[in-house]
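The values are calculated or read from the model by the stated rules, or taken from the named source; none is laboratory data. All values reported here derive from a predicted model rather than from experimental measurement. All Cβ positions, even for glycine, are placed from backbone atoms using ideal geometry, and neighbour counts span all protein chains on display.
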């Protein structure tokens, strides 16, 4: 499903060249529940952003569902993200003036889905993440865990092939984090979506069925459980 081939990513920080990733090769299969882990500065967020088409590699290639996304223009990558990828951010990134329903349905409206189909799809995913009856609440009226559930619903409502989660438990207590991870495992099974996490949280690493460790921009370990 995803092929990262000999990818290097360099940044210029003032007069210093930062080697974020060094000749990384990684294959991700459909349905993987995978954590990319490592200390700060190891390159895990950079790798997630490259897979998520938010950036392009300095060298090497990234192919997703047989499409060479690293060769696409910025506009083409944005369209690919909208059609194929779902994002879950550690800060939730909900629109504060929109209700839970509106935050989720907005993702569908971008795909020109409207009317009864939009309503049914939105309510179905809100029910699946345990927010049935809370659809008219604004983010400020929801707990951190409930806001993350809205973010998960928003990511999954368009039925993406791949869901990318950047530190999804970072702003949650351990009990709430466990519940969110269990929910994502269940949705991974139901929807067959591929989940890729960027994390340094041991709880996320322990729950992953595949763990890729990065160190100094290189893969130091790749283990399946």
**Q.** Selection from segment 110-145 of residues that are under 16 Å from residue 91 (Cα atoms), modelled with pLDDT under 95 and in a helix (DSSP H, G or I)
**A.** 144, 145
Q. Do the conditions hold for residue 154, that is, is it touching a helix residue (DSSP H, G or I) at 6+ places or on another chain (Cβ under 6 Å), within 18 Å of residue 86 (Cα to Cα) and at pLDDT below 95?
A. yes
Q.
So, in segment 77-104, exactly how many residues are surrounded by fewer than 19 Cβ atoms within 10 Å (Cβ to Cβ), in a helix (DSSP H, G or I) and over 19 Å from the mean Cα position of the chain (by Cα)?
A. 1
Q: With respect to residue 188, determine if the residue is surrounded by fewer than 21 Cβ atoms within 10 Å (Cβ to Cβ), out of contact with any helix residue (DSSP H, G or I) (no Cβ under 8 Å at 6 or more places or on another chain) and outside any strand (DSSP E or B).
A: yes
Q. What are the residues in segment 160-172 that are over 16 Å from residue 106 (Cβ atoms) and either in contact with a helix residue (DSSP H, G or I) (Cβ under 8 Å, 6 or more places away or on another chain) or free of Cβ contacts under 8 Å to residues at least 12 places away in the same chain (or both), if any?
A. 161, 162, 163, 164, 165, 166, 168, 169, 171, 172
Q: Among the numbered conditions (1) surrounded by fewer than 21 Cβ atoms within 10 Å (Cβ to Cβ); (2) without any contact (Cβ under 8 Å) to a residue 60 or more places away in the chain; (3) out of contact with any helix residue (DSSP H, G or I) (no Cβ under 6 Å at 6 or more places or on another chain), tell me where residue 19 comes up short.
A: (2)
Q | Residue tally, condition free of Cβ contacts under 8 Å to residues at least 24 places away in the same chain and part of a strand (DSSP E or B), over segment 39-76 | A | 2
Q.
Let me spell it out: the conditions are (1) in a strand (DSSP E or B); (2) surrounded by fewer than 17 Cβ atoms within 10 Å (Cβ to Cβ), and residue 163 meets all of them except one. Which number is the exception?
A. (2)
Q | Total residues in segment 105-118, condition without any contact (Cβ under 8 Å) to a residue 24 or more places away in the chain and exposed (fewer than 15 other Cβ atoms within 10 Å of the Cβ) | A | 6
